[in-house]
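Read through the structure below, which is laid out as structure tokens, and then see the notes.
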Amino acid sequence: MIDFLAKIFGYVMDLCYAIVPNYVVAIALFTLLTKIILMPVSLWTNRNGLKMVALMPELNRIKVQYYGDREKIGDEQAALYKEKHYRPLLSTVPLIIQIIILLGMIGVIHSVTDTGAAPALGLIPMTDGGWTWLMPLGAGLAAVVLSFAQNHINPLQREQSKAEQLSSNGVSVGISLVLGVFVSTGVALYWIYSNLFSILVQLACNAIMPPKKYVDYEELEASRKELEALDQFGQTQTKELKKREKADYKHFFHVANKRLVFYSEASGFYKYFQNTIEELLARTNVVINYVTSDPDDQIFALAEKEPRIQPYYIGERRMITLFMKMDADIVVMTMPDLDTYHFKRSYVRKDVEYVYMFHGIFSGLVTLRKGALDHFDTLLTPTPGFEVEMRGWNEKMGLPDQKMIPCGYGVIDNMAAEYDRMEKHENPVKTVLIAPSWQEDNILDSCLADLAEPLLAAGFDVTVRPHPQYIRRFPQRLEKLIHDCEGYDKERFRFQLNFSSNETVFSSDILVTDWSNIGCEYALATKKPVLYINTPMKRVNEAWTDEDIARCAPDAKLRAVMGAALELDEVREKAAAAALDMIENRAAYAETLEAVRQEKLYHFGESGKYAADYLIGRMVENQKKAKDEQNGK
């Protein structure tokens, strides 16, 4: 085989030498001729590479859609390759041809040196040493130049990750160095020329087949960002947590016939499920599969006392895969954006019922992403107003209505019960609790001094209770705020950074907030008024306009009856007077808020019962359906 190749290539080399009677130049001419002759093959493999790059947006979205499920991703990629006629092995054709030519060149150089012509071409660095050690260095350097060029001009290699580029480049440089050491200088010279001329071949391919003609680079960039967002999602985990997560993930999927799953983003979300879970435990023998992304969630302590609560810790990143492979009958959650953001509906079971539990009673759609609730099957609604708003949204977007189950709002139920049990007493000094949201331009960032100073001057004690998310996300801002307020009377002005108790909430005479849910929770639990500061409203869903809110979100008007509202430019001048007026008229506010509680809130004090009624009914239906299917009905 080698002799045959050597004979064929020898004729070509003789022709090159006849044109330029210098073997260093003749080898260069020989290499250039082979590149020209093989140009159709180069174009063929380049087209295949462009096809791969053109498929990358779809490949990235497959990785997004089935994130973390390697087996499913592999199956979908193979199906896509087959559909688009992409052949991964074609990328090896140039390497195979290079090896064939290299073997032939070994014979050619032997035949040249055997005649006594150009004996230097037959020297091998490993055995002959001396100046010949320049050849492996030259071969390695040429490979480095080729690698750098390919990283920038080869359409496929340019889209590889840095790690992939380093890996392929390292192999190329390593092979070149080894060849330079163990083959003759003539063969090494061919290898150097081949690497350098490959750059010219790629430039010619790009000129004949412009990559932008075959690849939608804007779509590729968009898909890459989607995948990067997932890769960066929930990355912080200790080794111990990863081990714990792996065990819980495995256990979750080993549990068969999961009738009911609750998902909680963090420990603080248990309060939204609490009443429903307690009702289910009291009235049924169902196992509560409670999945949380918080390793310190209170559910783990509760599970130690209640064996029918089965808790699992799954970090946010792996939770993406768990949701895709969800195999439960019913999933209850307070997290929106199902199937529109990271967490998707199950592709394993198409009949999973996803149930959304609200965590507020004001207009919610404007502060959620567009379509945040569109993919839920059932909504456990706290107020009639939420149902009006959801139907208005569905009508506007041409969507079918989800099942809407009137339940109420457990957080207010529990706060009201706790407040009623609490021993009441008049504050010797009237107290104001400032409890803003954590959104941009909240009270702390826009008007704390304008609010606190007139209240202090009017004789109020003032407690500032930042939102937990504000403390977590903006510690430097909070530190500066505390420093800026050091001049206030420390006996009458304080920051509360411990949230283990609701005492300051219940004991305050007035609450001041902006758009935080604590406003309605405080007002309806204690029947005390709220002073709202109209900071810029957090608007996420631009499709839900002010006109839509006015037409379809009656609960948005509840702010007006729960107290008073001030614009930012009115705070310093009117805050103290507004607070004094609300205290003077608190009996009237209490009557109004009692009426709101009874008329605007579903099933006050019994939200858990009604949510459990629905879930129990659905579990019974699912069980009957499963039995009927087993019996062939």
What number do you get for region 208-320 when its Cα radius of gyration is normalised by 2.2 N^0.38 Å, N = residues?
1.50
Roughly speaking, what is the stretch gain from ALA449 to LYS250, that is 0.36 nm per residue apart minus the C-alpha to C-alpha distance, in nm to one decimal?
66.4 nm
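Which whole number of Å³ per residue matches the convex hull of the alpha-carbon atoms in the chain? Don't skip to the end; give the middle numbers.
Values: hull volume 151.4 nm³, N = 633.
Convex hull volume per residue, Cα atoms: 239 Å³.
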Could you work out the relative contact order of the chain, using alpha carbon pairs under 8 angstrom and six or more residues apart, expressed as a whole percent?
12
Rough spin-label spacing in nm, given labels placed 7 Å along Cα→Cβ, for LYS350 and TYR11:
6.3
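Using R₀ = 30 Å, calculate the FRET efficiency as 1/(1 + (r/R₀)^6) where r is the Cβ-Cβ separation of ALA560 and GLN476; round to 0.05. The partial results should precede the final answer.
Values: r = 36 Å, r/R0 = 1.20.
With a Förster radius of 30 Å, E is 0.25.
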Please work out whether region 407-489 counts as rounded, prolate or oblate from its C-alpha gyration tensor, where a ≥ b ≥ c are the square roots of the eigenvalues and a/c under 1.5 means rounded, while otherwise a/b larger than b/c means prolate and anything else oblate?
oblate
Please give every one of the lysines within straight-line cross-link reach of LYS574, meaning a C-alpha to C-alpha distance under 22 Å, and leave out same-chain neighbours fewer than 8 residues apart.
LYS430, LYS528, LYS557
Cα-based Rg / Dmax (Å) for region 381-439:
18.6, 57
Among 525-536, 607-618, the order from most to least packed when residues are scored by Cβ within 10 Å on average:
525-536, 607-618
Keeping all protein chains in the complex and leaving out DNA, RNA and ligands, what accessible area do you get for ASP413 with a 1.4 Å probe, in Å² to the nearest 10?
10
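For GLU599 and GLU542, calculate 0.36 nm times their separation in residues minus their Cα-Cα distance, and state this gained length in nm to one decimal. List each step's numbers first, then the result.
Details: separation 57, 0.36 × 57 = 20.52 nm, distance 3.01 nm.
Gain on extension, GLU599 to GLU542, equals 17.5 nm.
Please label the shape of region 515-594 as rounded, prolate or oblate, based on the square roots a ≥ b ≥ c of the eigenvalues of the alpha-carbon gyration tensor (a/c under 1.5 means rounded; beyond that, a/b larger than b/c means prolate, else oblate).
Oblate shape, in that a/c is at least 1.5 and b/c is the bigger or equal ratio.
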7 Å from Cα along Cα→Cβ at both ARG87 and VAL620: what's the point-to-point distance in nm?
6.3
Label VAL41 and LYS271 with points 7 Å out from Cα along Cα→Cβ: what is the distance between them in nm?
7.1
Using only alpha-carbon positions, what ratio does the radius of gyration of region 64-167 give when scaled by 2.2 N^0.38 Å?
1.64
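Given a Förster radius of 41 Å and the C-beta distance between ARG158 and ASN534 as r, what FRET efficiency does 1/(1 + (r/R0)^6) yield to the nearest 0.05? Display every interim value, and only then the final one.
Values: r = 51 Å, r/R0 = 1.25.
It comes to 0.20.
With n ≥ 4 as the cut-off for DSSP H runs, can you work out [θ] at 222 nm for the chain, using -39500 (n - 2.57) per run divided by the number of residues, rounded to the nearest 500?
Values: 29 runs with 369 residues, N = 633.
Calculated at 222 nm, the ellipticity per residue is -18500 deg cm²/dmol.
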Cross-link reach list, lysines versus LYS627, counting only Cα pairs under 20 Å and skipping chain neighbours closer than eight places
LYS258, LYS350
Scan the chain and hand back the longest stretch that contains none of the GluC sites (Glu not before Pro) lying in DSSP loops with at most 14 other Cβ atoms within 10 Å.
1-422
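Accessible area, 1.4 Å probe, largest first: how do PHE9, PHE252 sort? List each step's numbers first, then the result.
Details: PHE9 30, PHE252 0 Å².
Heavy-atom accessible area, descending, gives PHE9, PHE252.
Based on alpha-carbon atoms only, what is the radius of gyration of region 480-633 relative to the globular estimate 2.2 N^0.38 Å? Spell out each step's value before the answer.
Numbers: Rg = 22.0 Å, N = 154, 2.2 N^0.38 = 14.9 Å.
Expressed relative to 2.2 N^0.38 Å, the Cα Rg reads 1.47.
Report the gain in length on full extension from PHE182 to LYS403: 0.36 nm times residue separation, minus Cα-Cα distance, nm rounded to one decimal.
Details: separation 221, 0.36 × 221 = 79.56 nm, distance 7.49 nm.
Going from the current span to full extension adds 72.1 nm.
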Surface accessible to a 1.4 Å probe, VAL388 within the full protein complex, Å²:
70
Grab the other residues whose beta carbon is less than 11 angstrom from that of LYS51, score K and R as +1, D and E as -1, and report the net.
+3
Proximal aspartates and glutamates relative to LYS305, as straight alpha-carbon distance under 18 Å, when same-chain residues fewer than 8 apart are discounted
GLU278, GLU279, ASP296, ASP297
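I'd like the trypsin sites (Lys or Arg not before Pro) in region 364-461 restricted to DSSP loop residues with at most 12 other Cβ atoms within 10 Å, sorted by number.
Details: sites: ARG369, LYS370, ARG391, LYS396, LYS403, ARG421, LYS424, LYS430; in loops: ARG369, LYS370, LYS424, LYS430.
Qualifying residues, ordered by number: LYS424.
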Of all the accessible heavy-atom surface of the chain, with the other protein chains kept in place and a 1.4 Å probe, what percent is carbon and sulfur?
57
Can you pick out the pairs among LYS162/LYS212; LYS242/LYS609; LYS63/LYS271 whose Cα atoms lie more than 27 Å from each other?
LYS242/LYS609; LYS63/LYS271
DSSP-defined beta bridges in region 335-487 - what % are antiparallel, rounded to 5:
0
Shape category assigned to region 529-574 from the gyration tensor of Cα positions, a/c cut at 1.5:
oblate
Residue-normalised value, i.e. accessible area per residue, for the chain at 1.4 Å probe, in Å², stands at 49
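The values are calculated or read from the model by the stated rules, or taken from the named source; none is laboratory data. All of these numbers come straight from a predicted model, not from anything done at the bench. FYI the Cβ positions are ideal-geometry reconstructions off the backbone, even for glycines, and counts take in every protein chain you see. When the accessible area is computed, the model is the full protein with side chains, heavy atoms only, and any ligands, DNA or RNA have been set aside. Shrake-Rupley method; radii C 1.70, N 1.55, O 1.52, S 1.80 Å.
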